[in-house]
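Notes for the one structure printed next.
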Amino acid sequence: MTNTRTADAEATVAQIEELAAAGADVVRVAVPTPADTAALPAILARAGVPIVADVHFHFDRALEAIDAGVAKIRLNPGNIRDREQVRRVIARAAEAGVAIRVGVNEGSIVDRSDAARHEAELQRPLHELMVEKLATYLEAFEEAKFENLVLSAKSHDAVTCIEVNRLMARRWDRPLHLGVTHAGTPASGAIRSAAALGTLLAEGIGETLRISYAGDPVREVEAAVELLASLRLRKRRGIELIACPTCGRIQMDMAPVAEAIRAALSDVVEPVTVAVMGCVVNGPGEAEGADVAVCAGKGKALLYRRGHKVRTLKADEIVPAVVAEVRQAAAEMRTSEE
Ligand code: SF4
């Protein structure tokens, strides 16, 4: 999801391009104001991926986004509660062939206008309450026989995310969008998202996903691609780095070496596996399974190509030699695919 002001079409298109280059197949933009939906035609004309408009408080933004030609809109039942307004959005989306994601968030399902009911709801398991709210909201879609639907239910809590999505998958045969909302900083957010989304994806639950945390959205996409590639649900884009985590047997500090190799190869899109190992204990074993590997000894290192020793390197030769070897392996992969 972009974090630019959508009304700034230039900045938004630039960020959509960055996200797509990082691996995003679909990009969501927020449209809280008329100026944001007014910018959509200019954005859609240049976006290379389908665009989803995230509609919050006003159903007019949904109608405007549909008219602009977005691929999908996201409605939050906690924010647009008027049934008649929802019916109008459904009718317009059906006419235009636009998909709707109905996405509930833990924070917006509670109706605090009725204190007694609110108190009773707080006693219920949260995942059951979220599914119940979603089911009530979906009545308008069922009445209209609107089928172009995606559902989501997000919480900041990983276990709640797992429980609510399992329940939704049992109850509805519809595409589910996965995410942990307000997951926090990159360090905690990536782990919390991987715990929840990885569990669900491994169970075959989920069609689209967003990893979300504070900071650069490109990092969110990179984390999502890494998660999908780790579960073999998507081909890895770029090198897979197997790096020595360091221990008492280390012969050379390989952390800066691994980082320098990763940075120098950020433009490589082929899935070359690269092992950067700190000693000869596990190094040769990892080297066997990697396309390119380097195992450090005292002041020098052994370079391997698909398990075969290529040559011995001095410490200052390691990074350029590995980079050259990986580029050659990537070129061979490209040739074999052509
Ligand atoms: S590669 Fe060697 S130094 Fe690095 S963690 Fe493994 S055993 Fe330890």
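Hey, any hits in segment 22-33 for a residue that's assigned to a helix (DSSP H, G or I) and assigned by TED's automatic domain parsing to the domain that holds SER212?
Within segment 22-33, one or more residues are assigned to a helix (DSSP H, G or I) and assigned by TED's automatic domain parsing to the domain that holds SER212.
Name the one entry in VAL310, VAL274, VAL257 that is surrounded by 13 or more Cβ atoms within 10 Å (Cβ to Cβ), within 15 Å of the ligand (Cβ to nearest atom) and not in a helix (DSSP H, G or I).
Exactly one residue qualifies, and that residue is VAL274.
Go through (1) assigned to a helix (DSSP H, G or I); (2) closer than 15 Å to ALA65 by Cβ; (3) touching a His at 6+ places or on another chain (Cβ under 8 Å) one by one and return the number of the condition ALA94 breaks.
Only one criterion is unmet by ALA94, namely (3).
Quick one: THR246 ticks every box in (1) out of contact with any Asp or Glu (no Cβ under 9 Å at 6 or more places or on another chain); (2) assigned by TED's automatic domain parsing to the domain that holds ALA315 bar one, so which box is it?
All conditions pass for THR246, except number (1).
If you take the residues of segment 231-254 that are surrounded by fewer than 15 Cβ atoms within 10 Å (Cβ to Cβ) and at pLDDT below 90, which of them is nearest to the chain's Cα centre (by Cα)?
LYS235
So which helices (runs of 4 or more DSSP H) stay within segment 115-178 end to end and still have 3 or more residues that are outside the structural domain of ALA195 (by TED's automatic domain parsing), in contact with a helix residue (DSSP H, G or I) (Cβ under 8 Å, 6 or more places away or on another chain) and of a type in the set (Ser, Thr, Tyr)? Can you show your working first?
Working: elements: 115-122, 126-143, 158-171.
So the answer is none; nothing clears 3.
Please verify whether VAL225 is away from the ligand (no atom under 16 Å from the Cβ), surrounded by fewer than 16 Cβ atoms within 10 Å (Cβ to Cβ) and not in a loop (DSSP other than H, G, I, E, B), treating the condition exactly as stated.
Details: away from the ligand (no atom under 16 Å from the Cβ): yes; surrounded by fewer than 16 Cβ atoms within 10 Å (Cβ to Cβ): no; not in a loop (DSSP other than H, G, I, E, B): yes.
For VAL225, the condition - away from the ligand (no atom under 16 Å from the Cβ), surrounded by fewer than 16 Cβ atoms within 10 Å (Cβ to Cβ) and not in a loop (DSSP other than H, G, I, E, B) - is not met.
When you go through PRO284, PRO320 one by one, which is the residue that is under 27 Å from ALA22 (Cα atoms), outside any loop (DSSP other than H, G, I, E, B) and either modelled with pLDDT of 95 or more or within 15 Å of the ligand (Cβ to nearest atom) (or both)?
When all the criteria are applied, what remains is PRO320.
Which ones in segment 19-48 are surrounded by fewer than 16 Cβ atoms within 10 Å (Cβ to Cβ) and either of a type in the set (Lys, Arg) or closer than 19 Å to LEU228 by Cα (or both)?
Answer for segment 19-48, where residues must be surrounded by fewer than 16 Cβ atoms within 10 Å (Cβ to Cβ) and either of a type in the set (Lys, Arg) or closer than 19 Å to LEU228 by Cα (or both): ALA21, ASP25, ARG46.
Out of ALA202, ALA183, I need the residue that is modelled with pLDDT under 90 and over 20 Å from VAL52 (Cα atoms). Which one?
ALA183
Give segment 277-289 a look and list any residue that's buried (at least 23 other Cβ atoms within 10 Å of the Cβ) and touching a Ser or Thr at 6+ places or on another chain (Cβ under 9 Å), or say none.
GLY278
Out of everything in segment 287-298 that is more than 15 Å from VAL319 (Cβ to Cβ) and within 15 Å of the ligand (Cβ to nearest atom), what residue ends up being modelled with the highest pLDDT?
ALA290
Somewhere in segment 109-120, is a residue surrounded by 13 or more Cβ atoms within 10 Å (Cβ to Cβ), at pLDDT below 90 and not basic (Lys, Arg)? First the steps, then the outcome.
Taking segment 109-120 and keeping what is surrounded by 13 or more Cβ atoms within 10 Å (Cβ to Cβ), we get 109-110.
When the remaining residues are screened for being at pLDDT below 90, the result is 109-110.
In the following step, the residues that additionally are not basic (Lys, Arg) were identified as 109-110.
Yes, there is a match, as at least one residue in segment 109-120 is surrounded by 13 or more Cβ atoms within 10 Å (Cβ to Cβ), at pLDDT below 90 and not basic (Lys, Arg).
Can you confirm whether VAL49 is modelled with pLDDT of 95 or more, in a loop (DSSP other than H, G, I, E, B) and assigned by TED's automatic domain parsing to the domain that holds THR181?
When the stated conditions are applied, VAL49 passes them.
Given the options GLU203, GLU240, name the one that is under 28 Å from GLY285 (Cβ atoms), acidic (Asp, Glu) and more than 16 Å from the ligand (Cβ to nearest atom).
That would be GLU240, the only listed residue that is under 28 Å from GLY285 (Cβ atoms), acidic (Asp, Glu) and more than 16 Å from the ligand (Cβ to nearest atom).
Would you mention how many residues in segment 188-216 are in a helix (DSSP H, G or I) and of a type outside the set (Val, Ile, Thr)?
Within segment 188-216, the subset in a helix (DSSP H, G or I) is 188-202.
Then drop every residue that is not of a type outside the set (Val, Ile, Thr), which leaves 188-190, 192-198, 200-202.
Looking only at that region, the number is 13.
The values are calculated or read from the model by the stated rules, or taken from the named source; none is laboratory data. Worth saying up front: this structure is predicted, and the values here are computed from it rather than measured. Cβ sites come from the backbone with ideal geometry, for glycine too, and all protein chains shown count toward neighbours.
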